[in-house]
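Comments concern the structure below.
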Amino acid sequence: MENNWDRIWKSDANRVLTIGPSTRSRCRVMRRLVVAFCPTGGRVLDVGCGSGTLLSVLARDKKYAELTGSDISEAALVEARGSCPSCRFVRADGKEWIAGAPFDLITCMATLDVIEDDDSVIAASASMLHAGGYFIAAVQHRVSYWTILDDTRNFRRYEREDLIEKCRRAGLRPVKLFTWGWPLYQLYYRMLVHIHGYNLSGYDASVETERMPRRFSRIRQIGSRCLAEALYYFLMGDDLFIRSGRGRWLFGVFQK
């Protein structure tokens, strides 16, 4: 399997990868960790930054000396540069040395699980950290949670021990690990699986949209955005269940 990320980003007409409830929820949790582990005036690199959603959130804090993002997709970086002009963006595959290293903190969110050689990305990230710096990863949790959605672009899901061992080999020691995404995100995810399965059966929502009068298509878009906003706030309830260990997302903080 090989993911064509330029194609994937260009086909994201509804900007789900940028402003969808899942993306925004991960960014919200990740921001708390960055604030906790990166000093004021620190330098941050986001590996696999996509359209720069996380960096845009961090930029609003006005706390960091420099915010840098790297991604393999030029299509995503075009959007990132427009949405966060105060940040620096570099096209790189995650295994390349980024000019300006070493950094105080490196984030890697929803990236390790969708690339084939995750070990090399972790090792490269560790090499670009100051001694004592932090690497924070957010990956999809538990092999037992695998669904048809994972078949579309994922290479793996992680158990806690898998992520710890991979980071340990790169010279990173675990500081904090926890899961997020249960029970409310679990319900949301099952809804996505159902919709995806329906589309695989032959239903094409884009055809239906093309047949709609333009005004109804516009109403549908507005309705989708309102629903996405409501879902984002609904999913905040999963913060109460972090200690359950059952979340679909695994967050790990590691120190060099």
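Miscellaneous remarks
- ARG81 being in contact with a strand residue (DSSP E or B) (Cβ under 6 Å, 6 or more places away or on another chain), more than 15 Å from ILE115 (Cβ to Cβ) and open to solvent by 20 Å² or more (accessible area, probe 1.4 Å): yes
- Within the stretch 54-78, being out of contact with any helix residue (DSSP H, G or I) (no Cβ under 8 Å at 6 or more places or on another chain) and open to solvent by 50 Å² or more (accessible area, probe 1.4 Å) holds for ARG60, LYS62, ALA65, GLU66, VAL78.
- Picking from residues in the stretch 40-53 that are on the phi < 0 side of the Ramachandran plot and more than 17 Å from the chain's Cα centre (by Cα), the one that is most open to solvent (accessible area, probe 1.4 Å) is THR40.
- Residues in the stretch 4-34 that are in a helix (DSSP H, G or I) and open to solvent by 30 Å² or more (accessible area, probe 1.4 Å): TRP5, ASP6, ARG7, TRP9, LYS10, VAL16, LEU17, ILE19, ARG24, ARG28, ARG31, ARG32.
- Among (1) open to solvent by 70 Å² or more (accessible area, probe 1.4 Å); (2) modelled with pLDDT of 95 or more, the one test that PHE37 misses: (1)
- Yes/no for ASP204 being modelled with pLDDT of 90 or more and of a type outside the set (A, V, I, L, M): no
The values are calculated or read from the model by the stated rules, or taken from the named source; none is laboratory data. If you're wondering where the values come from, they're calculated on a predicted model, not measured in any experiment. Note: ideal-geometry Cβ built from the backbone for every residue, glycine included; neighbour counts use all protein chains shown. Surface accessibility is based on the protein's heavy atoms, side chains included, excluding ligands, DNA and RNA. Shrake-Rupley method; radii C 1.70, N 1.55, O 1.52, S 1.80 Å.
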